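The values are calculated or read from the model by the stated rules, or taken from the named source; none is laboratory data. Fair warning: this is a prediction, and the values are worked out from it, not measured in the lab. Don't worry about glycine lacking a Cβ; one is built from the backbone with ideal geometry, like all the others, and counts go over all protein chains shown. Please note that ligands, DNA and RNA were not included when accessible areas were found on the heavy atoms of the full protein model with its side chains. Shrake-Rupley method; radii C 1.70, N 1.55, O 1.52, S 1.80 Å.
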Amino acid sequence: MVSLALKKAWRDFRARPLRSLLTAIGITLGVSVLIAVLVTGRLLVEAQRATYAQTYQPDITAYAYPATPALLSVVARRENVAGVESRAVQFTRLIVGSRRLYAQLTGVDDFSHMQLDVPTLITGRWPEHGEVVVDITARALISLHLGDLIALQPTPGDPITYARVVGFVRAPATLAASIGNQIILYAPARDVRANLGIASDNTLLIRTVQPSLAGTTAQELQRFVARRGISTGGWTVRDPRELTGSRELQTLLALLRAFSLLALGISVFLVANTIAAILLEERHVLGVLKAIGASHHAIAIMVLVQAALFGLLGAIAGLGSGILLGRAITGYLANLAGLLLPAYHFQIVDGALALAAGIGVSLLAAALPCWQALRTPSALLLRETQQSTGRSLSIGTQIRAHERTFFLLVLGARNLFRRLGRATITALIVATAAAAFASSQTVSLSIDRTIAGLYDRYRAEGWVLFGQLAPTSFATQLERTDPDILHAEAWERTSGAIGSVATDIWGVPAETTIYQPHLVAGTWLRPALPMAAVLTQNLAQRVGAQVGSVVRLDMDRQSVLIQVVGIVDDDSTYLGATTVGKVFLRANDLERLQGHGGHARLFGLQLLSSAPHAVDTALEGLEQQYRSLRPITLAIYQDQEVAKQVIAILALLLRAMVLIVLVIGIAGIANTLLLNLTERRREVGILRALGASTGQLLLLITGEGLGMGIIGLTLGLAASYPIAQALIAQAGERLFRIHLALSFATPLLACALTLTAAALASIGPGFVAARLRPVEVLRYE
């Protein structure tokens, strides 16, 4: 019985090749998206492991000066230390024409014997005295070639140094320059030390025997190095479960998984539509089989085997295309994150999932049409069900006589209700595609507006970090002497931890006008409360703190008890951050804890104009005026642009998935129109015999497609709101709290895209109808 069912399924598949092809394409796309997301997630994990192993990523990184060979020798003998190296690191700027780009210059003593954090040389050679190699992603920001001479200047008060580009590398586990807006350079360590005016390196890289104990090892080494009188700070422990930008990547993968399920859902409707049409065409065959005593079991096998054939073909094609798509997405993301792309190795789970998804979707879709056929008596199946064409001919005559497009569109829309079940399934296909598009637009818009709102909490157009301490009263001097500065405040910033949760610590003037706190509990910092602190909501939830709690805050060399007096809604963070939330202290309290009470390096600036050009001009003037203090400035709009680029990448990949969903939707509409056309061949032949032109038949079919598009669009827009809410909640768990944002442009775009897709899907069936010859059609059966 199975053999006969397979032969019949293959015969039916070949009998209607276009319809079968559209159905198989729908399943293929749904399976490919699912496999692509699975492959991408697995390959990213493997890429992280490969990068850690092959480029010898350090488990602990810290600023330490002087990092002498003697220090490296004693640290190497400490417990759980597998290897240690030093680097000379300088944060500078690369001058290209009128542009000043942030750059990190890393000095290495011997490039041929690097043991930790080893960059990959892509082209050229390693640098010698007066030369540099550049991270190749910098080419996305500036035009650089081998042999070019570049200029480096940390601040306007520093001398300009020149170096020749002799190679391009890819720095491991670092963001592409186009995202982080920072260029990574490598040079001989003696050149970097000469630029810094220091005799030894200033950064430690430490590899541990047991990475899981790296946190404890870092604390012990911090105390050990401090006892030797060496200045340290910025101790960073690599989390083996995380990579740079992992939160953003995991958020993206979660959203892609959601859209892959939507794609599979559309495939279910598409297969159900096709199987229902096949059973309708063969109702007489089914009726005869039931009349001569065929069992329900035998008929069910015949139907389900045919559905499984669609699923098998779609699964095989979807597996191959999904692997290729997953490799492409992984390559794109790995390049952005500085990961080594591992070779793909086929895994049984990929094939099993593809088969389970493809065949499972097909069998699930065929279950309802099969059940309906089995429960229908043979007498009803054998009854003639020819559809009357009288009304159609009447309207067709009107079309020919009056040549009015309106009547053609009305006739096409009326045809929807002749196969209500089929039209309903197709409308659900369109609804899913429209909901996917509208919800993805809403998610992107919500993230974008949430980030803009987080930046609005900080009413500074720029920040300046001086190379040496300045009195906090220097803020008043800035206001008085610089006409571009409306207001300035002395701030402080460092890093710390509450328990095992790393966080950022900000020292803020109690009467700040730059920061606009959004309190959710308690009060803001007040001068009368010593060692009072305000926590961001995400940090408070993570450490279990509430207003009135007393918690221990660990900083570089000390621990202090702070009292939580308020909690604010502020989940703003930077890309790739490994810290959670913020602790706000009064600026004078943090200055005192840092050992430089009454002095600060960081100043927030409110400028006369927030226009990018005006901000750049004001900050450049400040750098020149106070170049003796070696200032480094940051324009807030530039920092915000970095965040927007990350959202743009996320939106790009989401739209790629939505495009696949829309293609499946187009296939669904085209498939339904072809099914309807097959049933109404006589009607089309009569219309052609009455003189209906190709354009008129196209309008007739287009009217039917647009009718399904409008119904599906209405349902899709209604469903997009709860879908968007669910996706935003899922993204918010991994990134930060995202507030739902709606726009009138979203339904308008969805409307335009859906109706355009419906019209495009109608073109193919319309031309099929136009090619029908009346003589052959009227002889049909």
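Size estimate for the range 159-216 follows the Kirkwood approach: the inverse of mean 1/r over distinct Cα pairs works out to 14.8 Å.
Each label was represented as a point 7 Å from its Cα along the Cα-to-Cβ direction; for LEU101 and ALA745 these points are 2.9 nm apart.
Counting charges near THR442 (Lys, Arg +1; Asp, Glu -1) among other residues having Cβ under 11 Å from its Cβ returns a value of 0.
Taking all protein chains in place and a 1.4 Å probe, what share, in percent, of the accessible surface of the range 448-547 do carbon and sulfur account for?
Ligands and nucleic acids excluded, carbon and sulfur give 50 percent.
Ratio of the range 494-546's C-alpha Rg to 2.2 N^0.38 Å, to two decimals? Normalised Cα radius of gyration, the range 494-546: 1.18.
Based on the inverse mean of 1/r over its pairs of different Cα atoms, what is the Kirkwood hydrodynamic radius of the range 62-113, in Å?
13.5 Å
Entry for the range 579-619 at q = 0.18, 0.20, 0.32, 0.34 Å⁻¹: log10 I(q)/I(0) = -0.72, -0.75, -1.07, -1.16, Debye formula applied to identical alpha-carbon scatterers, no solvent contribution. The residues of the range 480-544 expose on average 45 square angstrom of accessible surface per residue, using a 1.4 Å probe on protein heavy atoms. Sequence-ordered 3J(HN,Hα) estimates for the range 23-36 from the Karplus curve with 6.51, -1.76 and 1.60 and θ = phi - 60° stand at 5, 5, 5, x, 5, 4, 5, x, 5, 5, 5, 4, 5, 4 Hz, glycine and proline given as x.
Tell me, rounded to the nearest percent, the portion of alpha carbon pairs in the range 527-617 spaced more than 18 Å apart. More than 18 Å apart: 58 percent of the Cα pairs in the range 527-617. If you wrap the range 579-675 in the convex hull of its Cα atoms and look at it from every side, the mean projected area works out to 11.7 nm².
A Cα-only calculation for the range 431-544 places Rg and Dmax at 19.2, 63 Å. Fraction of C-alpha pairs exceeding 19 angstrom in the range 70-219: 54 percent, rounded to a whole number.
Compared with the alpha-carbon gap, the fully stretched path from LEU486 to GLN347 is longer by 43.8 nm at 0.36 nm per residue. Could you tell me which of rounded, prolate or oblate describes the range 186-234, using a ≥ b ≥ c as the square roots of the eigenvalues of the alpha-carbon gyration tensor, with rounded for a/c under 1.5 and, failing that, prolate when a/b is larger than b/c and oblate otherwise? Here the range 186-234 falls in the oblate category. The loop-placed GluC sites (Glu not before Pro) in the range 485-592, going by DSSP, that have at most 15 neighbouring Cβ atoms within 10 Å of their Cβ come out as GLU511.
Here the range 110-155 was treated as a single set of alpha-carbon atoms; its pair distances binned every 5 Å from 0 give 4, 15, 28, 24, 18, 10, 1 percent.
One decimal place: the segment TRP371-LEU519 gains 47.4 nm when fully extended, by the rule 0.36 nm per residue minus the C-alpha distance. The value given for the range 510-575 is a Kirkwood hydrodynamic radius of 12.6 Å, derived from the mean inverse Cα-Cα separation. Each label point was placed 7 Å from the Cα along the Cα-to-Cβ direction; for ILE763 and ALA82 their separation is 5.8 nm. Restricted to Cα atoms, the range 336-376 shows a radius of gyration and a Dmax of 19.0, 61 angstrom.
Stretched out straight at 0.36 nm per residue, the stretch from HIS613 to GLN468 would grow longer than its current Cα-Cα span by 49.4 nm. Computed from the C-beta positions of ALA254 and PHE91, the FRET efficiency with R₀ = 51 Å rounds to 0.90.
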